[in-house]
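Enquirer: Mind looking over this structure? Questions follow.
The values are calculated or read from the model by the stated rules, or taken from the named source; none is laboratory data. Because the structure is predicted, anything quoted here is derived from the model rather than measured. Ideal geometry is used to build each Cβ from the backbone, glycine not excepted, and the neighbour counts take in all protein chains shown. Accessible surface areas use protein heavy atoms only, side chains included; no ligands, DNA or RNA. Shrake-Rupley method; radii C 1.70, N 1.55, O 1.52, S 1.80 Å.
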Amino acid sequence: MTFSDLGLSPKVLSAVTDAGYTQPTPIQAGAIPHALLGKDVLGIAQTGTGKTASFVLPMLTRLEKGRARARMPRTLILEPTRELAAQVEENFVKYGKNHKLNIALLIGGVSFDEQDKKLERGADVLIATPGRLLDHRERGKLLLNGVEILVIDEADRMLDMGFIPDIERICEMIPFTRQTLFFSATMPPEITKLTEKFLHAPVRVEVSKAASAATNITQRLVKSGSKPWDKRETLRNLMKAEDAELKNAIIFCNRKVEVSELFRSLLKHDFDAGALHGDMDQRARMQMLANFRDGKLRYLVASDVAARGLDIPDVSHVFNYDVPIHAEDYVHRIGRTGRAGRSGKSFTIATKSDTKYIDAIERLIGNKIEWHDGDLSTVVASEGGEDDAPRRGKGAPRRAGRKDEDRKVRGERKKGGERRARHGEEDASSVVAEQEQPDVAQTAVADISERRARKEAIRSENTERKSSDRNEQRAPERGDTRPQRDNSRPARHRHQEDNDTTVGFGDDMPAFMRIVAKV
DNA sequence: AAAAAAC
């Protein structure tokens, strides 16, 4: 079976060939012929199975006929996260290089202006996260009754994220005559109900994933004391020990604050690290990811926003700074390494309180994970020692110093207990970034949240001048999860970083995918 | 014990 057997147009085939692919993955072989015939498809597949191309390629073929009208996109792809949406856009650019298509990416955290312009011009392909899409519609900038093909991607994840009501609303805005391509890794009852409601006689294409994680990933548990400084020290030792083998690594934390804390700590220890989590402003998110992909950053500290779907080829190591609470996340996280049949290594830092989560993970993958250097019974409670601490006065008692340091690493945020406004994203910080690094502010997208933040900053300056906490919070800080430290590098447009292994097929096909393809 | 997503 080759791509030329699937019925794709010459333009699409040529782009696929240029990208170096000849053999479709099971999901592609199963879905593409039906999608080309205009049938609804229910694809049950994980990310990394070549799922994206299984809708991008037939859509491109079908889009060759007809033209888009202003504000009336011809196709719509819904994605749960901004990064995934951007990644799908990259795929359209890559495989649509022989087409003249207008592609619009509607995601939060960036300016409306550019998105409006693209809608106005008429989008052949509209890729969106649900919130921003609905926002545009409510502003009257978008009509969905011209949509011919609707793609709902990662439906089960949308369910986890509470997007289903939004998805239903959007589905109801699009004519019945549309074609719907629906993808989900799992089929919980809510998702089945959704497919019954919105799909018409779908062809079911299922790629079963082996229950256990790929065998080319070496997995180890690493014992650690449970205090943050213990865990950071454990991690650093591990990173140093693996240095020779380590090309690049993603370090997963369970919480966004932990991402920030660990990131700052690693910087302090001169590790070449970036950070990625959902409360960072969009420019910083994009830039961190691009820099990591380009090899400008060796380590990426991330929340589970990076656990699924994101295509970062050739990560040599995954470290779980925290044991994931949901066993499934473990499989997704370590699946960021060992791609393309390469070998990968994953280390999971475990403390005494993690045992029940480890048990659940081992049950899910059907295997015991080996301990790297003895199990938790040999762990000693932490007392004193050096961590991130810069030099302190001699007299300072060690324990207190540690805690003090820990708070320092955590940043001033802890002090005032102030909480950042939810929708201001990283609020005033982007203003700081702008003042400090005008070059980036110029090249970066004009960010509406930045303008809001600026207003917010001015207002709080007027009303809360007395509060030193407040002022401190706005002070520039090197070790923040915000873009400051990378601002010296010009922002690159996402189209320029053309990873040639964006879709999980060809030589990037994980072993588990070859197992079954039921059509 | 979390994360994600509009402003």
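Enquirer: State the number of residues belonging to the range A:248-271 that are aliphatic (A, V, I, L, M) and without any contact (Cβ under 8 Å) to a residue 40 or more places away in the chain. Even if it seems obvious, please write down each step before you answer.
Expert: Looking only at the range A:248-271, we keep the residues that are aliphatic (A, V, I, L, M), and these are A:249-251, A:257, A:259, A:262, A:266-267.
The next check asks that each one be without any contact (Cβ under 8 Å) to a residue 40 or more places away in the chain; those that pass are A:266.
Number satisfying all stated conditions: 1.
Enquirer: What residue, of A:LEU144, A:LEU159, A:LEU134, is among the hydrophobic types (A, V, I, L, M, F, W, C) and more than 12 Å from DNA strand B (Cβ to nearest atom)? I'd like the intermediate steps shown before the answer.
Expert: Numbers: A:LEU159 fails: more than 12 Å from DNA strand B (Cβ to nearest atom); A:LEU134 fails: more than 12 Å from DNA strand B (Cβ to nearest atom).
Exactly one of A:LEU144, A:LEU159, A:LEU134 is among the hydrophobic types (A, V, I, L, M, F, W, C) and more than 12 Å from DNA strand B (Cβ to nearest atom), namely A:LEU144.
Enquirer: Can we say A:ARG169 is within 12 Å of DNA strand B (Cβ to nearest atom), among the charged types (D, E, K, R) and touching a helix residue (DSSP H, G or I) at 6+ places or on another chain (Cβ under 8 Å)?
Expert: yes
Enquirer: Moving on. Answer yes or no: is there a residue in the range A:335-343 that is near DNA strand B (Cβ under 10 Å from one of its atoms) and in contact with a His (Cβ under 7 Å, 6 or more places away or on another chain).
Expert: Checked the range A:335-343: no residue is near DNA strand B (Cβ under 10 Å from one of its atoms) and in contact with a His (Cβ under 7 Å, 6 or more places away or on another chain).
Enquirer: I need a count of the residues in the range A:349-395 that are outside any loop (DSSP other than H, G, I, E, B), away from DNA strand B (no atom under 13 Å from the Cβ) and at pLDDT 90 or above.
Expert: So the answer is 3.
Enquirer: Can you find, within the range A:285-297, the residue that is farthest from A:PRO324 (Cα to Cα) among those that are of a type in the set (D, E, K, R) and buried (at least 19 other Cβ atoms within 10 Å of the Cβ)?
Expert: A:ARG293
This table checks each residue for (1) in contact with a strand residue (DSSP E or B) (Cβ under 8 Å, 6 or more places away or on another chain); (2) part of a strand (DSSP E or B); (3) within 11 Å of DNA strand B (Cβ to nearest atom); (4) farther than 22 Å from A:ILE369 by Cα.
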position: A:ASN291; (1), (2), (3), (4): yes, no, no, yes
position: A:VAL301; (1), (2), (3), (4): yes, yes, no, yes
position: A:ILE312; (1), (2), (3), (4): yes, no, no, yes
position: A:VAL318; (1), (2), (3), (4): yes, yes, no, no
position: A:PRO324; (1), (2), (3), (4): yes, no, yes, no
position: A:ASP329; (1), (2), (3), (4): no, no, yes, no
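Enquirer: Suppose we filter the range A:71-105 for residues that are surrounded by 21 or more Cβ atoms within 10 Å (Cβ to Cβ), in a loop (DSSP other than H, G, I, E, B) and more than 8 Å from DNA strand B (Cβ to nearest atom); how many remain?
Expert: Residues that pass the stated criteria total 4.
Enquirer: Would you confirm, using the coordinates I've provided, whether A:VAL41 is open to solvent by 30 Å² or more (accessible area, probe 1.4 Å), at pLDDT 95 or above and not hydroxyl-bearing (Ser, Thr, Tyr)? It would help to see each step written out before you state the result.
Expert: Working: open to solvent by 30 Å² or more (accessible area, probe 1.4 Å): no; at pLDDT 95 or above: yes; not hydroxyl-bearing (Ser, Thr, Tyr): yes.
Here the answer is no, as A:VAL41 does not meet what is asked.
Enquirer: When you check A:LYS240 against the structure, is it at pLDDT 95 or above, open to solvent by 10 Å² or more (accessible area, probe 1.4 Å) and within 13 Å of DNA strand B (Cβ to nearest atom), yes or no? Spell out how you get there, then give the answer.
Expert: Details: at pLDDT 95 or above: yes; open to solvent by 10 Å² or more (accessible area, probe 1.4 Å): yes; within 13 Å of DNA strand B (Cβ to nearest atom): no.
Judged against the criteria, A:LYS240 is not a match.
Enquirer: Report, by residue number, each residue of the range A:254-284 that is crowded, with 22+ Cβ neighbours inside 10 Å and either touching a His at 6+ places or on another chain (Cβ under 8 Å) or β-branched (Val, Ile, Thr) (or both).
Expert: A:VAL259, A:SER260
Enquirer: Turning to a different aspect of this structure: Considering only the range A:45-55, state which residues are open to solvent by less than 10 Å² (accessible area, probe 1.4 Å) and not in a helix (DSSP H, G or I).
Expert: A:ALA45, A:THR49, A:GLY50
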